[in-house]
Amino acid sequence: MSKAASSDHATTDHLSERVHKSVDHIAETAAKAEERIRHEAEDVSHKAKEYSEKTVSSVTVFVHENPLMALGIAFAAGALVTALRRRT
């Protein structure tokens with residue numbers, strides 16, 4: 001093998017090694033980011049579920065304690081939505 005070919009081969013090997021290291025680093029960084037995002041999404045999902053359950057509980061208590069007022073609010077909300085939909 002000639003000196004030039006040997007030099008080209010060494011350069012190619014060196015570049016290949018650097019590219020592989022870069023790809024490995026990017027993959028590692030992406031994996032860490034994915035893990036962090038999944039953890040944060042689980043936390044947000046858990047908090048949203050808790051808030052939803054508290055809200056449903058509060059509304060249920062209000063409806064049981066004030067059935068006529070709840071019926072009136074529901075009727076008024078329905079009438080408002082109907083009036084707004086007819087305008088558009």
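Nothing in this text is a laboratory measurement; each read-out follows from the coordinates by a stated rule. Worth saying up front: this structure is predicted, and the values here are computed from it rather than measured. Backbone-built Cβ (ideal geometry, glycine too); neighbour counts: all protein chains shown.
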I'd like the projected area of the chain, averaged over all directions, using the convex hull of its alpha carbons. Report it in nm² with one decimal.
12.3 nm²
What is the magnitude of the charge dipole of the range 3-87 about its Cα centre, with +1 placed on the Cβ of each Lys and Arg, -1 on the Cβ of each Asp and Glu, and no other charges, expressed in debye to the nearest 20?
660 debye
Degrees between helix 3-65 axis and first principal axis of the chain (Cα, 0 to 90, nearest 10)
10 degrees
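Quickly estimate the mean residue ellipticity at 222 nm for the chain, helices only: each DSSP H run with n ≥ 4 gives -39500 (n - 2.57), and the total goes over all residues, rounded to 500.
-35500 deg cm²/dmol
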